[in-house]
1. Quick one: in region 78-226, what % of C-alpha pairs are over 24 Å apart?
2. Kindly write out, for region 199-212 in residue order, the coupling ³J(HN,Hα) from the Karplus curve 6.51 cos²θ - 1.76 cosθ + 1.60 (θ = phi - 60°), rounded to whole Hz, with x marking Gly and Pro.
3. Can you pull the one-decimal nm distance between simple spin-label points at Met100 and Ser222, each 7 Å off the Cα toward Cβ?
4. Of all accessible surface on region 198-322 at a 1.4 Å probe, what whole percent is carbon and sulfur?
5. Using 0.36 nm times the number of residues separating Leu317 and Tyr130, minus their current alpha carbon distance, what extension gain do you get?
6. Quote to one decimal, in nm, the extra length available between Gln89 and Arg231 on full extension: 0.36 nm per residue of separation minus the C-alpha distance between them.
7. Using the alpha-carbon atoms, what tilt in degrees (0 to 90, nearest 10) does helix 2-32 show relative to the longest principal axis of the chain?
8. Mind checking the dipole of the chain: about its Cα centre, +1 per Lys or Arg Cβ, -1 per Asp or Glu Cβ, Debye to the nearest 20?
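The values are calculated or read from the model by the stated rules, or taken from the named source; none is laboratory data. In this text the structure is predicted, and so the values were computed from the model without any measurement. Every residue, glycine as well, gets a Cβ built from its backbone with ideal geometry; the counts of neighbours run over all protein chains shown. Heads up: the accessible areas ignore ligands, DNA and RNA and are worked out on the full protein's heavy atoms, side chains in. Shrake-Rupley method; radii C 1.70, N 1.55, O 1.52, S 1.80 Å.
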Amino acid sequence: MENLVSFIVRRILIMIPMMVIVSIICFTITELQPGDFLSQYLDNPRISPEQIEALKRELGLDKPAYYRYFLWVRNIVTKLDFGYSFSYQRPVFELIWERMGWTVGISLMTILLQWLIAIPLGIFSAFRPYSFWDYTFAVIAFIGISIPEFFLALILMYFALNAGYTYIGGLFSPEFIGAPWSLAKFIDLLKHLWIPLIVIGVSGVGGLYRIMRANLLDTIGSPFITALRARGLDEAVIKRHAVKNALNPLVSIAGMELPNVFSGTIIASIVLNLPTIGPFFYNALLNHDQYLVMSFLMFIAFITQIGNLLADIALALLDPRIRIA
């Protein structure tokens, strides 16, 4: 237990310099973007150059880049202030927090769906290699990995409309938007939710299926499985040991799944009109909304760090060698 606590503390301490490096990279990337938020006003004849200069001073864009970076970091550390959105004229933290719930909820449901489908199918295929169903699942997995998310969303929307769905964008029908929660609203949510889950999760299902199948095939062919069979253990027990060992690498992959799914929600949210952070980030990029872009990138980096930390803790619990490494 002491080793585990020491391991977790070490991993948390490593996160701090990593986030500092990420913040520098995020700021540098947004600074390298040509133009700024006020560039869109340059061609507007109703706004004079003097007004643009006044806006630049008001928004702090006249200050040197290093000064704005240190001011931004200082406000995050001391006030949890991630800056001000030029486009929405509201604090960035409020804007991100409003859409955090649906973004995290859809992402976690997608990951759960991916694991519930991919792992059993990978185990099934590995224990029946080169069979009809193995080839069938492999073809479906390759299709899922290769098909673009926006294209899959359009296909599903087409079939949903032909099946009689009258409103397929968003998460609720118009009569339930803004309405208090009820059983009817929950059922309406379920009717809309299946399309985003499939669109965001299908490529992950294909990838996880391929990894699980390959890991289990490698484990089945390893010497320790041969030794177990030589000792006369029951085949069901041998398979259980093989699956347990094959799952270990997937635990570390799980830490990377959350940011991947977050990224996947950006395109799906734009096409399907979902109330997540994705469309916000896209609009912020178009409008040079610097602090909103940087905060979103920092948020993705933080989620990645948390995901890796949880994956490392799970690995340390499963394999004691990790704790003392």
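1. Working: 5863 of 11026 pairs.
Roughly 53 percent, once rounded to a whole number.
2. Per-residue couplings from phi come out as 4, 6, x, 5, 5, x, 4, x, x, 5, 4, 5, 5, 4 Hz.
3. In this crude label model, Met100 to Ser222 measures out at 3.9 nm.
4. Working: 3490 of 5360 Å².
After summing per-atom areas, the C and S share lands at 65 percent.
5. Details: separation 187, 0.36 × 187 = 67.32 nm, distance 3.44 nm.
Additional length available on full extension: 63.9 nm.
6. Numbers: separation 142, 0.36 × 142 = 51.12 nm, distance 7.05 nm.
Here the answer is 44.1 nm.
7. Approximately 40 degrees, to the nearest 10.
8. On the way: 23 positive and 22 negative charges, 201 e Å.
That gives a dipole near 960 debye.
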